[in-house]
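Here is the structure we will look at.
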Amino acid sequence: MLQYPETVGIIIVKDEDGRYNPMSASWVMLTSIEPRMIAISIGFERYTYELMRKQSEFVISFPSAGMAAEVKLFGSESGRDMDKLKQLGTPTQPATKIDGLLLSEATVNYECVLKDTLITGDHMIFSGEIVASHKHVDDLPRLYVLGPKEFGVL
Ligand SMILES: Cc1cc2nc3c(=O)[nH]c(=O)nc-3n(C[C@H](O)[C@H](O)[C@H](O)COP(=O)(O)O)c2cc1C
């Protein structure tokens, strides 16, 4: 009952074919100021989990109001079955300090280097240091989860 409104991010990790896979993730939080760090909890069955076990770098983006289609698709389909970014034609640009991909229309993109992990039930928490952050030039409103399958601004 206390779940909504809920924050949502999009984690982007590279796979072995060099393809970047985005996954919607609500269980994300900032955890440290100096160094600036962020943590994200990922289910063992996700393709993103498999990729995070192999990679040491990732991007977390916070979607803007116009990105509900992305949050829905990235949070319901698996990168095992499709190229999610190509499917929607989501605009991207290269990261600056890591081998990663930023979502151009996100409110903010964080480039992260993996520091630690913690098993928590059927998910694993991945803790990363933010090595670069990019805020959109416009003050775009951020997208939130307002209910089951409902997205909007607060
Ligand atoms: C709004 C929303 C939030 C989500 N939050 C999380 C999350 O925090 N952790 C997680 O493991 N899965 C979360 N999911 C589910 C994954 O995004 C979903 O299973 C996705 O299809 C996995 O993609 P992948 O197999 O390409 O990694 C969320 C889904 C939605 C729609």
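If the condition is being under 21 Å from Glu105 (Cβ atoms) and of a type in the set (D, E, K, R), then segment 122-148 contributes Lys135, Asp138, Asp139, Arg142. Taking each residue of segment 23-39 that is at pLDDT 95 or above and looking for partners that are open to solvent by 30 Å² or more (accessible area, probe 1.4 Å) and part of a loop (DSSP other than H, G, I, E, B) with beta-carbon atoms closer than 6 Å, six or more apart or interchain, yields Ser24/Gly75. Scoring Met82 on the criteria (1) near the ligand (Cβ under 10 Å from one of its atoms); (2) under 22 Å from Thr7 (Cβ atoms) leaves a single failure, condition (2). Taking segment 1-25 as the range and being of a type in the set (Gly, Ala, Ser) and under 20 Å from Met124 (Cα atoms) as the test, the residues that pass are Gly9, Ser24, Ala25.
Taking the conditions (1) open to solvent by 10 Å² or more (accessible area, probe 1.4 Å); (2) not in a helix (DSSP H, G or I) in turn, Tyr49 satisfies each one other than (2).
Condition first: part of a loop (DSSP other than H, G, I, E, B), open to solvent by less than 90 Å² (accessible area, probe 1.4 Å) and at negative phi. Now tell me which residues in segment 1-35 satisfy that.
Filtering segment 1-35 down to residues part of a loop (DSSP other than H, G, I, E, B) leaves 1-5, 7-8, 15-19, 26-27, 33-35.
Remaining after also requiring open to solvent by less than 90 Å² (accessible area, probe 1.4 Å): 4-5, 7-8, 15, 18-19, 26, 35.
Tyr4, Pro5, Thr7, Val8, Asp15, Arg19, Ser26, Pro35 - these are the residues of segment 1-35 that are part of a loop (DSSP other than H, G, I, E, B), open to solvent by less than 90 Å² (accessible area, probe 1.4 Å) and at negative phi.
The values are calculated or read from the model by the stated rules, or taken from the named source; none is laboratory data. Computed from a predicted structure; not experimentally measured. Heads up, the Cβs are rebuilt from the backbone with ideal geometry, glycines too, and the neighbour counts pull from every protein chain shown. For the accessible areas, the whole protein counts, side chains as well, though only heavy atoms, and no ligand, DNA or RNA atoms are used. Shrake-Rupley method; radii C 1.70, N 1.55, O 1.52, S 1.80 Å.
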